[in-house]
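Okay, handing you the structure first.
Taken together, the values in this text are just the output of simple stated rules run on the coordinates, not laboratory data. Quick caveat: nothing in here was measured; it's all calculated off a predicted structure. Here the Cβ is made from the backbone with ideal geometry for all residues, glycine too, and neighbour counts use every protein chain on show.
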Amino acid sequence: MASGVSVFFVGGGTGGHVIPALAMAEALRLKAPDARVHFVGGRRGIEGRLVPAAGFSLTRLPAFGLRGLGLAGMIRFAFGFLVAIPSMLFLLLRRRPRLVVATGGYAAAAPALIASVLGVPLWVQEQNSAPGSTNRVLSGRSERAYAAFAAAREKLRAREIIELPNPVRAAVRASAESSSTPQDYEQFGLDPDRHTLLIFGGSRGAATLNRAIEAAAGRIMHDTSWQVLAQTGQEDLESTRAIVGTSAGGRPSRVRVLPFIDDMGAAWRIADLVVCRAGAMTLAELATVGRASLLVPYPHATDDHQRLNALELVERGAARMVEDQALDGDRLVDELAWFDEDAAGVASMARA
């Protein structure tokens with residue numbers, strides 16, 4: 001792409017929509033340092049934290065969900081769309097993008113549709129095996145769609161559809177090529193001489209995973225030599241920290257609880273075993289770093305796409321899976337025992 005051109009990345013809400021855009025923007029910045037990259041997202045999503053932290057400019061517009069919310073949802077969506085029109089028109093006229101790349105989430109809908117109507121070329125990047133409703137609609141107006149899973153092709157309607165793995169951030173790729181350092185453990189307050197369980201439920205956390213670590217914390221600290229790095233999201237942070245602190249029984253806790261892990265490169269490097277949701281970007285990073293994992297698909301994901309994502313890894317021996325309702329503290333402790341007892345199985349999974 002020629003240097004100096006303006007490119008918009010639109011989308012957001014969750015890390016699954018923001019992180020692939022950041023990975024592409026980072027790659028573009030390396031290849032064309034003069035390219036003018038700008039992000040457009042929603043007012044409440046994780047993009048408000050991640051995009052500025054990565055050094056990119058961001059415009060935040062109203063974004064409301066539509067699917068499954070009935071008449072009230074349709075009214076809120078229409079209101080957000082109408083409010084976004086003048087702001088997006090001004091932004092387009094001021095920055096004059098040569099390309100808009102949509103990565104999904106309701107925050108992508110209005111900016112991408114408005115840009116497309118005005119003749120700006122639109123590309124769609126779909127992370128999941130079952131495309132979300134926003135990307136399905138936008139693909140009908142896009143010149144090109146990139147699909148990470150073959151199963152997504154039949155639901156996308158772009159003029160050209162290209163199968164391409166999900167983009168992964170440079171920091172994560174680097175973590176796959178380097179070993180952990182004492183500093184990696186130090187920043188999380190963990191011990192480099194212990195095995196580490198990394199457990200996280202996406203950028204907003206996951207109640208099921210948080211309850212499981214609360215239930216298992218005492219046994220992990222008293223009956224095993226493991227330590228835990230847990231990302232809970234903001235909502236459950238204080239309650240999970242309190243329960244974990246009580247479980248420590250007055251001894252230093254080996255379970256570190258954070259609302260959000262900013263340095264995922266370091267987290268991946270220190271992880272020996274991972275328990276996580278099955279969002280497409282999480283799985284892309286997991287495959288890049290090569291770690292044994294237990295996947296817990298979010299049961300209410302659109303079209304059950306997380307379960308479909310997870311099954312692709314399970315079928316090739318690259319992960320284990322447990323349904324959301326079956327995950328509890330006992331299952332977490334069982335996974336640690338499996339890791340300790342089946343070195344060959346762990347190594348095989350990490351290589352798959």
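Among ARG219, ARG94, ARG157, which one shows the biggest mean-square fluctuation in a GNM of the chain, springs joining Cα atoms closer than 10 Å?
ARG94
Could you pull out every residue, at least 5 positions away or on a different chain, whose amide H is within less than 5 Å of the one on LEU58? Hs are placed 1.01 Å off N in the peptide plane, and Pro or chain starts have none.
Amide H neighbours of LEU58: PHE39.
Let me ask something else about it. Let me have the relative contact order for the chain, percent, based on Cα pairs under 8 Å that are six or more residues apart.
14
Can you tell me which of GLY42, GLY15, GLY189 moves the most in a GNM of the chain? Springs connect C-alpha atoms under 10 Å apart.
GLY189
Past the 27 angstrom mark, what percentage of all C-alpha to C-alpha distances in the chain do you count?
47
Could you work out the pair-distance distribution P(r) of the stretch 282-327 from its alpha-carbon pairs, with 10 angstrom bin width and percents rounded to whole numbers?
Spelled out bin by bin, the stretch 282-327 gives 28, 57, 14 percent.
Then there's this: Per residue of the stretch 187-193, what does 6.51 cos²θ - 1.76 cosθ + 1.60 with θ = phi - 60° give for ³J(HN,Hα)? Whole Hz please, x for Gly and Pro, Karplus curve as stated.
For the stretch 187-193, the Karplus-derived couplings read 5, 9, x, 10, 9, x, 9 Hz, x marking Gly and Pro.
Among SER175, SER239, SER253, determine the one that fluctuates most according to a GNM of the chain built with springs between C-alpha atoms less than 10 Å apart.
SER239
Could you give the Stokes-Einstein D for the stretch 174-351 in µm² per second, using the C-alpha Kirkwood radius, 25 °C, 0.890 mPa s?
152
Whose amide H sits under 5 Å from the amide H of TYR146, counting only residues 5 or more places off or on another chain, with H placed in the peptide plane?
VAL124, GLN125, GLU126, ILE162
Ok, one more. Near SER239, within a Cβ-to-Cβ distance under 11 Å, what is the net charge of the other residues, with Lys and Arg +1 and Asp and Glu -1?
Result for the local shell: -2.
Once you have all Cα-Cα distances for the stretch 212-279, histogram them in 10 Å bins from zero and send the whole-percent values.
19, 53, 27, 1
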